[in-house]
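Student: Structure in structure tokens, see below.
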Amino acid sequence: MSKEFQKYFETNKQTWDNKVGVHAKSDFYDLDSFKKGETSLKKYELKALGNVSGKSILHLQCHFGQDTLSWSRMGAKCTGVDISENAITLAKELNSELELDANFVCCNVLDTSLYIKNQFDIVFTSYGVIGWLPDLMPWAQMIAERLKPGGVFYIVEFHPIVWMFDYLEKTPVIKYGYNQKEVIYEEYEGTYADTNSNMISKEYGWNHGLGEVISSLSKAGLTIESLEEHDASPYEIFPGLIEKEKGMYVTKDKLYPLLFAIKATL
Ligand SMILES: C[S@@+](CC[C@H](N)C(=O)[O-])C[C@H]1O[C@@H](n2cnc3c(N)ncnc32)[C@H](O)[C@@H]1O
């Protein structure tokens, strides 16, 4: 991986390490309900991937493993990958406590193929992932390497339009490019899961338009089965959202989608 980006990844890793303790205590991640059996998975990915029992799943950027372990509870054989050591440590603890059989690997997602050699029926990633990566071509190539022939890749992610806004302004304004190759730096108090926390988040990110996402997957050899755009998000992480149905949030005017989802096969 390019040395140029190392300092950005290092800062992001530090921030994510600090977020883990805050998130584990947050209502947002509601670890108590999760431990009692509540799934952390949302309706889009549950519908898209259906019955995963007996399937192998590689979960990219798994945070502290709630979604990975939710797939495990449904009978999948899961491996989760994340850059944060604290996240992977907590994921492994939860795996033991809940007597599940998931594996967790701490590495940069772009280095996944250096650490994981087997291939999977499904590669899954969701909600707040590609913005941490400067270039999607190595990411897409790694996904193609880790899928079995005929395997399925599924991503459900915040729409590139939502990342054009600067949410640190009182009234969010469009400030960043739909495709922004130049790095974006943000520093603020709190996290999306606990805005009252006094931890300082220092983050480097990049914006990727849908064209780049689709083209990188396609160039890596995947066939795009569907690209969906959704107005309703299961996460209320942007200001001014309205709860449409229980646990699903939309913008007031629905002028742009909040999410996109891609299903692709190798
Ligand atoms: C917003 S979270 C993923 C959301 C997940 N669906 C959840 O809510 O649990 C983003 C995750 O990406 C991880 N991450 C950020 N940059 C990464 C990188 N370069 N390689 C691997 N993981 C990375 C962070 O540590 C974090 O756990």
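The values are calculated or read from the model by the stated rules, or taken from the named source; none is laboratory data. Just so it is clear, the structure is predicted and the values come from calculations on it, not from any experiment. Please note: Cβ atoms are built from the backbone with ideal geometry, for glycine as well, and neighbour counts cover all protein chains shown. We work out accessible area using only protein heavy atoms, side chains counted, and drop any ligands, DNA or RNA first. Shrake-Rupley method; radii C 1.70, N 1.55, O 1.52, S 1.80 Å.
Student: Report, ordered by the first and then the second residue, all pairs with beta carbons closer than 8 Å, sequence separation of six or more or different chains, a first member in the range 163-176 that is more than 16 Å from THR251 (Cα to Cα), and a second member that is assigned to a helix (DSSP H, G or I).
Tutor: LYS175/MET164; TYR176/TRP163; TYR176/MET164
Condition check ((1) within 17 Å of the chain's Cα centre (by Cα); (2) surrounded by 15 or more Cβ atoms within 10 Å (Cβ to Cβ)) across all residues:
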position: ASN86; (1), (2): yes, yes
position: CYS107; (1), (2): yes, yes
position: PHE120; (1), (2): no, yes
position: TRP132; (1), (2): yes, yes
position: LEU136; (1), (2): yes, yes
position: GLU182; (1), (2): no, no
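Student: Could you pull out the residue among ALA48, ALA91, ALA102, ALA76 that is in contact with a Leu (Cβ under 7 Å, 6 or more places away or on another chain) and at pLDDT 95 or above?
Tutor: Just one listed residue meets the conditions, ALA102.
Student: Could I ask something else about it? Identify all residues within the range 50-66 that are open to solvent by less than 20 Å² (accessible area, probe 1.4 Å) and within 15 Å of the ligand (Cβ to nearest atom); write none if there are none.
Tutor: Of everything in the range 50-66, those that are open to solvent by less than 20 Å² (accessible area, probe 1.4 Å) and within 15 Å of the ligand (Cβ to nearest atom) turn out to be ILE57, LEU58, HIS59, LEU60, CYS62, PHE64, GLY65, GLN66.
Student: Name the residues in the range 109-154 that are assigned to a strand (DSSP E or B) and not aromatic (Phe, Trp, Tyr), would you?
Tutor: Once the filter is applied, which keeps residues that are assigned to a strand (DSSP E or B) and not aromatic (Phe, Trp, Tyr), the range 109-154 yields ASP121, ILE122, VAL123, THR125, SER126, LEU147, LYS148, PRO149, GLY150, GLY151, VAL152.
Student: Take the residues in the range 240-252 that are more than 20 Å from the chain's Cα centre (by Cα) and not aliphatic (A, V, I, L, M), then tell me which one is surrounded by the most Cβ atoms within 10 Å (Cβ to Cβ).
Tutor: Filtering first and then ranking leaves THR251.
Student: Next up: Among the residues of the range 257-266 satisfying the criterion of being in a loop (DSSP other than H, G, I, E, B) and open to solvent by less than 60 Å² (accessible area, probe 1.4 Å), which is nearest to VAL123 (Cα to Cα)?
Tutor: Step by step, filter the range 257-266, then rank; the result is LEU258.
Student: Of the residues that make up the range 105-114, is at least one among the β-branched types (Val, Ile, Thr), at pLDDT 95 or above and more than 30 Å from PRO134 (Cα to Cα)?
Tutor: no
Student: Looking only at the range 209-254, count every residue that is over 17 Å from LYS47 (Cα atoms), outside any strand (DSSP E or B) and of a type in the set (A, V, I, L, M, F, W, C) and tell me the total.
Tutor: Result for the range 209-254: 9.
Student: Between a first residue in the range 132-148 that is closer than 19 Å to ILE184 by Cα and a second residue that is of a type in the set (Phe, Trp, Tyr), which pairs have beta carbons less than 7 Å apart while being 6 or more apart in sequence or on different chains?
Tutor: That search, which allows pairs on different chains as well, returns LEU133/TRP139; LEU133/TRP206; PRO134/PHE5; PRO134/TRP206.
Student: Step by step: first the residues of the range 95-108, then only those that are touching a helix residue (DSSP H, G or I) at 6+ places or on another chain (Cβ under 7 Å) and free of Cβ contacts under 8 Å to residues at least 60 places away in the same chain, then the one that is farthest from the ligand (Cβ to nearest atom). Which residue is that?
Tutor: ASP101
Student: Is it the case, given these coordinates, that THR39 is surrounded by fewer than 19 Cβ atoms within 10 Å (Cβ to Cβ), assigned to a loop (DSSP other than H, G, I, E, B) and not basic (Lys, Arg)?
Tutor: Considered against the rule, which asks whether it is surrounded by fewer than 19 Cβ atoms within 10 Å (Cβ to Cβ), assigned to a loop (DSSP other than H, G, I, E, B) and not basic (Lys, Arg), THR39 comes out as yes.
Student: What's the total number of residues in the range 123-137 that are near the ligand (Cβ under 6 Å from one of its atoms) and within 20 Å of LYS43 (Cα to Cα)?
Tutor: 4
Student: Within the range 78-108, count every residue that is in contact with a Ser or Thr (Cβ under 8 Å, 6 or more places away or on another chain) and in a helix (DSSP H, G or I).
Tutor: Selection size over the range 78-108: 2.
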